[in-house]
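Here the structure comes first, spelled out in structure tokens, and everything after it is commentary.
Each reported figure results from applying straightforward, stated rules to the coordinates on display, with no laboratory input. From a predicted model like this one, the values you see are computed outputs, not experimental measurements. With ideal geometry, Cβ positions are generated from the backbone for all residues, glycine too; neighbour counts draw on all protein chains shown.
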């Protein structure tokens, strides 16, 4: 185990935090109004007395941003955690499917899946993670049957007061960052570097966001408002929920070729 040098963390963040902001903007650039409208509940808009195209557009774009940013930043934090663990314990990105991090400490091989927060999955997803841990243990023991392996679900923020889950351990927030770095204060020391050029990069994001709102509002008004500017709810609901007739697979009946006589 080596002592973590916070300057290394600062340099990593400054070098890589831009990727997070770039992906935020890219997620907006890739967004299509029709596709999002097909996924949203039109009855909810009506029940909330939404009257303008701008309200609907901001609602769907903001919801997309909220869920997407959590995923994007969670992936970014995973990379940071692996980097930090590599500096301290020589850890590495695991080559085993669905295992994010592998490292050795005190004679134990730790296999870790990294999530953003503690409330990340339903019961089926938890069962899938446990199955992945069991597969990882079998894989690692093919080369060393006596290997002591501990499975860990690490969460970058939050709390879980019962870390021992039986088949695995769950470390959240301070416990997680201490587990991968040996530094109990790292979870607070990370905050300052993460703000590197945040204002400038957020200004770029807000420019793209404003352009997207204007573009989608224009599209929505053209396609889903009547000539008086009122929302055409029937048209919106049909886009979202109407039965789509499957294309026929039947071959067109061919007319017999005319025969010629000589």
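For the chain, what is the relative contact order in percent, using Cα pairs closer than 8 Å and at least 6 residues apart in sequence? Write out the running numbers ahead of the final one.
Details: 285 pairs, mean separation 59.9, N = 262.
Worked out over the chain, it gives 23 percent.
Report, as a whole number in µm² per second, the diffusion coefficient that Stokes-Einstein gives for the chain at 37 °C and 0.692 mPa s using the Kirkwood radius over alpha carbon pairs. Display every interim value, and only then the final one.
Numbers: Rh = 22.6 Å.
For these conditions, the coefficient is 146 µm²/s.
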Report summary line: Checked the range 112-190 with the C-alpha gyration tensor, a ≥ b ≥ c its square-rooted eigenvalues, rounded below a/c of 1.5, otherwise prolate if a/b is larger than b/c and oblate if not; verdict oblate
Query - Simple spin-label estimate for residue 52 and residue 128 in nanometres, 7 Å along Cα-Cβ - result: 4.0 nm
Requested in this report: Give the shape of the range 42-84 as rounded, prolate or oblate, defined through the alpha-carbon gyration tensor: a ≥ b ≥ c are the square roots of its eigenvalues, a/c under 1.5 means rounded, and otherwise the shape is prolate if a/b is larger than b/c and oblate if not.
Outcome: prolate
Report summary line: In terms of the alpha carbon gyration tensor, root eigenvalues a ≥ b ≥ c, rounded if a/c is under 1.5 and otherwise prolate when a/b exceeds b/c or oblate, the range 166-238 is oblate
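Arrange the following residues from fewest to most other Cβ atoms within 10 Å of their Cβ: 56, 25.
Numbers: 56 23, 25 16.
Ascending Cβ contact count within 10 Å gives the list 25, 56.
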Query raised in the report: Under a GNM of the chain (C-alpha, springs under 10 Å), which listed residue has the highest mean-square fluctuation: 198, 131, 47?
Result: 47
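Could you work out the equivalent-ellipsoid semi-axes for the range 1-136, taking the square root of 5 times each eigenvalue of the Cα gyration tensor, largest first, in whole Å?
Numbers: eigenvalues 288, 85, 23 Å².
After scaling each eigenvalue by five and taking roots: 38, 21, 11 Å.
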Query raised in the report: If you stretched the chain out fully between residue 98 and residue 163, how much longer would it get, using 0.36 nm times the residue separation minus the C-alpha to C-alpha distance?
Result: 21.3 nm
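Multiplying the sequence separation of residue 226 and residue 30 by 0.36 nm and subtracting their Cα-Cα distance, what value in nm do you get?
Taking 0.36 nm per residue and subtracting the Cα distance, the gain is 67.8 nm.
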Requested in this report: Report, to the nearest 10°, how far helix 198-224 tilts away from the longest principal axis of the Cα atoms in the chain, using its own Cα long axis and a range of 0 to 90°.
Outcome: 20 degrees
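State the antiparallel share, in %, of DSSP beta bridges confined to the chain, rounding to the nearest 5. Walk me through the intermediate numbers first.
Details: 9 of 20 bridges.
Here the antiparallel bridges make up roughly 45 percent for the chain.
With each run of n ≥ 4 DSSP H residues scored as -39500 (n - 2.57), what mean residue ellipticity at 222 nm is computed for the chain after dividing by its residue count and rounding to the nearest 500 deg cm²/dmol?
Working: 10 runs with 145 residues, N = 262.
About -18000 deg cm²/dmol.
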Report task. Rank 28, 146, 186 by mean-square fluctuation in a GNM of the chain with C-alpha springs under 10 angstrom and give only the top-ranked residue. Result -> 146
Query - In degrees, nearest ten, helix 6-29 long axis to first principal axis of the chain (Cα) - result: 10 degrees
Query - Within a Gaussian network of the chain (alpha carbon springs, distance under 10 Å), most fluctuating of 110, 85, 119 - result: 119
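Using the beta-carbon distance between residue 141 and residue 5 and R0 = 35 Å, what value does 1/(1 + (r/R0)^6) give for FRET efficiency, to the nearest 0.05?
Values: r = 34 Å, r/R0 = 0.98.
With a Förster radius of 35 Å, E is 0.55.
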Requested in this report: Kindly express, to the nearest 10 degrees and within the range 0 to 90, the angle between helix 123-141's C-alpha long axis and the longest C-alpha principal axis of the chain.
Outcome: 50 degrees
Query - Percentage, to the nearest whole number, of Cα pairs in the range 78-229 over 25 Å apart - result: 46 percent
